[in-house]
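Engineer: Please find one structure pasted underneath; my questions will follow.
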Amino acid sequence: MTASLPPPLPLSSRLAIPRAFLALALVGALLGSTTPSPLYGLYQSLWGFPSVVLSALYAVYAFGVLLSLAALGRLSDRLPDRRLILLPALAVVGLGALLFGFADDLQALFLGRLLAGLGTGALTGSANAALMDFDNLDRQRRAPSLASIAFTGGAALGPVLSSAALYLDFWPRSLPFLLIAALALLAGLGLVFGDWPQPAKTPAADRPAARQPLAQAMASRWPAFAMVCTVLVLGWMVGSLFIALGTTMLASLLPAGALAAAGLIVAAFQIAAGVTQFLCRRMPAGRAIHVGCALLAASWAGCTASLAYGQAWGFCLFTLGSGVGYGAAFVGAMGRLAVIAPAEHRGALSSLFYVAGYLGSALSILGIGALVDAIGLLPAMQGLVVCVGLAAAAILWRGRF
């Protein structure tokens with residue numbers, strides 16, 4: 001008698017492992033974006049730098065993301081295996097985390113943040129394109145929700161780790177970044193040794209159309225893509241302000257010495273966003289975008305009013321509202337991008353999408369940091385209420401999704 005071979009696993013089951021390690025890679029990268037947030041106040045008190053330098057620490061991360069997205073955005077579409085981008089990117093993420101975690105001066109902090117941004121930028125576009133490839137293979141629509149949850153889960157867990165280490169006084173400047181480096185290593189090993197199905201080959205008869213230039217393939221879709229990028233810029237502008245300055249804002253409303261507790265406000269924002277993305281994953285993209293943008297504008301106005309009247313509870317409540325608005329807008333934008341992007345240009349368009357988000361967040365946080373130093377925290381936030389409100393109104397009025 002001969003032993004029969006076990007039946008092959010269904011394609012969706014085979015894709016579960018690479019999807020999981022891609023999500024883990026995104027979580028590790030996004031941990032690096034928010035983990036320093038509760039520690040910025042500690043560094044500021046230790047080394048005495050102004051708010052514009054604090055915001056520049058976030059901005060240099062965003063510019064690092066921009067540089068790698070601009071340089072590598074189309075490369076992953078041309079390589080035979082997207083892991084040729086993903087694995088070096090994970091190595092850079094880990095190196096940036098280690099450098100930041102063991103920094104002993106401001107220059108090392110900036111270099112660590114720049115490396116973290118470079119690695120994250122190289123990773124995000126390629127990882128999202130790989131998730132879209134897998135969706136195309138098994139005819140599922142999991143890329144938008146999986147990428148959104150991985151993004152928000154990583155961003156939410158980061159400040160929890162650093163706040164806990166700060167509260168316990170257990171290597172607060174090093175331990176969280178050691179964990180990021182370990183996650184990057186684990187994700188890299190999983191991508192190397194796990195089963196990695198290749199995207200389906202394009203039939204020869206279809207290749208001339210598949211190779212058409214990006215501008216030609218997107219000729220009728222650029223307005224929709226521009227509107228989706230505008231939604232992302234609005235959401236990330238508000239989100240980046242919470243990441244860079246949320247701890248400072250809440251700490252001004254709490255008793256002295258509550259820095260670790262104030263740091264959790266960033267996690268609360270991200271958790272609210274993550275839960276919303278999960279709940280809204282089946283909502284039509286246009287509705288999610290409209291609801292999210294309206295809630296972002298209203299909640300940011302509430303946060304500013306709470307800051308003006310010294311209401312910590314109100315600030316926390318409206319922070320959750322901002323997270324809900326951000327989550328709905330982001331998952332709607334991701335869902336619409338998956339429809340807009342031609343298969344042969346997924347990597348390039350994913351990268352352009354994130355270029356818009358990071359550029360908008362970097363420029364806005366630099367401007368707000370300079371305004372805080374020039375006119376104070378509250379007047380700067382009041383000016384931003386007007387900007388966010390006008391941007392949300394323009395999207396609601398002109399947006400076609």
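The values are calculated or read from the model by the stated rules, or taken from the named source; none is laboratory data. All of these numbers come straight from a predicted model, not from anything done at the bench. Note that we place each Cβ from the backbone using ideal geometry, even for glycine, and neighbour counts take in every protein chain shown. These area figures cover heavy atoms from the full protein model, side chains too; ligands, DNA and RNA do not enter into them. Shrake-Rupley method; radii C 1.70, N 1.55, O 1.52, S 1.80 Å.
Engineer: Output the residues belonging to the stretch 92-119 that are touching a Ser or Thr at 6+ places or on another chain (Cβ under 8 Å) and of a type in the set (Val, Ile, Thr).
Structural biologist: The answer is Val93, and nothing else.
Engineer: Which of the residues belonging to the stretch 250-284 are at pLDDT below 85 and among the small types (Gly, Ala, Ser)?
Structural biologist: Selection gives Ala251, Ser252, Ala256, Gly257, Ala258, Ala260, Ala261, Ala262, Gly263, Ala267, Gly274.
Engineer: Let me ask something else. Taking Phe21, is it more than 21 Å from Gly194 (Cα to Cα), open to solvent by 20 Å² or more (accessible area, probe 1.4 Å), of a type outside the set (A, V, I, L, M) and modelled with pLDDT of 85 or more?
Structural biologist: So Phe21 does not fit the description; no.
Engineer: Oh, and also: Of the residues that make up the stretch 118-139, is at least one among the basic types (Lys, Arg), open to solvent by 10 Å² or more (accessible area, probe 1.4 Å) and over 16 Å from Leu90 (Cβ atoms)?
Structural biologist: Applying the first criterion (among the basic types (Lys, Arg)) to the stretch 118-139 yields 139.
Subsequent filtering for residues that are open to solvent by 10 Å² or more (accessible area, probe 1.4 Å) retains 139.
From what's left, over 16 Å from Leu90 (Cβ atoms): 139.
Yes, the stretch 118-139 contains a residue that is among the basic types (Lys, Arg), open to solvent by 10 Å² or more (accessible area, probe 1.4 Å) and over 16 Å from Leu90 (Cβ atoms).
Engineer: Identify all residues within the stretch 273-291 that are assigned to a helix (DSSP H, G or I) and within 16 Å of Phe151 (Cβ to Cβ); write none if there are none.
Structural biologist: Here is the first cut: in the stretch 273-291, the residues assigned to a helix (DSSP H, G or I) are 273-279, 285-291.
Ala273, Gly274, Val275, Thr276, Gln277, Phe278, Leu279, Ala288, listed by residue number.
Engineer: Filter the stretch 343-401 down to residues that are over 24 Å from the mean Cα position of the chain (by Cα), assigned to a helix (DSSP H, G or I), surrounded by fewer than 17 Cβ atoms within 10 Å (Cβ to Cβ) and without any contact (Cβ under 8 Å) to a residue 60 or more places away in the chain, then give me how many there are.
Structural biologist: 6
Engineer: Exactly one of these conditions fails for Thr152: (1) farther than 22 Å from Leu90 by Cβ; (2) part of a helix (DSSP H, G or I); (3) modelled with pLDDT under 85. Give me its number.
Structural biologist: (1)
Engineer: Just checking, which of Pro159, Pro172, Pro203, Pro176 is modelled with pLDDT under 85 and of a type outside the set (A, V, I, L, M)?
Structural biologist: Going through Pro159, Pro172, Pro203, Pro176 in turn, the sole match is Pro203.
Engineer: Right, something else. Anything in the stretch 331-342 that is more than 13 Å from Thr124 (Cβ to Cβ) and assigned to a helix (DSSP H, G or I)? List them, or say none.
Structural biologist: Val331, Gly332, Ala333, Gly335, Arg336, Ala338, Val339, Ile340
Engineer: Right, here's the next one. Would you pick out the residues in the stretch 62-80 that are among the small types (Gly, Ala, Ser) and surrounded by 17 or more Cβ atoms within 10 Å (Cβ to Cβ)? Walk me through it before giving the result.
Structural biologist: So in the stretch 62-80, the residues among the small types (Gly, Ala, Ser) come out as 62, 64, 68, 70-71, 73, 76.
Of everything in the stretch 62-80, those that are among the small types (Gly, Ala, Ser) and surrounded by 17 or more Cβ atoms within 10 Å (Cβ to Cβ) turn out to be Ala62, Gly64, Ser68, Gly73, Ser76.
Engineer: Return the residues of the stretch 218-245 that are part of a helix (DSSP H, G or I) and more than 30 Å from Leu39 (Cα to Cα); say none if nothing qualifies. Walk me through how you get there before you give the answer.
Structural biologist: The initial filter retains those residues of the stretch 218-245 that are part of a helix (DSSP H, G or I), namely 222-245.
Hits for the stretch 218-245 are Trp222, Pro223, Ala224, Phe225, Ala226, Met227, Val228, Cys229, Thr230.
Engineer: Could I ask something else about it? Restricting to the stretch 81-91, give me the number of residues that are without any contact (Cβ under 8 Å) to a residue 60 or more places away in the chain and either in contact with a Phe, Trp or Tyr (Cβ under 7 Å, 6 or more places away or on another chain) or open to solvent by 50 Å² or more (accessible area, probe 1.4 Å) (or both).
Structural biologist: 2
Engineer: Starting from the stretch 51-66, take each residue that is over 13 Å from Gly117 (Cα atoms) and in a helix (DSSP H, G or I) and list its partners that are hydroxyl-bearing (Ser, Thr, Tyr) and open to solvent by 10 Å² or more (accessible area, probe 1.4 Å), counting only C-beta distances under 9 angstrom and pairs at least six apart or across chains.
Structural biologist: Once the first residue is over 13 Å from Gly117 (Cα atoms) and in a helix (DSSP H, G or I) and sits in the stretch 51-66, its partners that are hydroxyl-bearing (Ser, Thr, Tyr) and open to solvent by 10 Å² or more (accessible area, probe 1.4 Å) give Ser51/Thr248; Leu54/Thr248.
Engineer: Check the stretch 159-170 and report whether any residue there is in a loop (DSSP other than H, G, I, E, B) and not basic (Lys, Arg).
Structural biologist: At the first step, the residues of the stretch 159-170 found to be in a loop (DSSP other than H, G, I, E, B) are 169-170.
Pick out the ones that are also not basic (Lys, Arg) and you get 169-170.
Yes.
Engineer: Go through (1) crowded, with 16+ Cβ neighbours inside 10 Å; (2) modelled with pLDDT of 90 or more for Leu186 and report which single condition fails.
Structural biologist: Every condition holds for Leu186 apart from (1).
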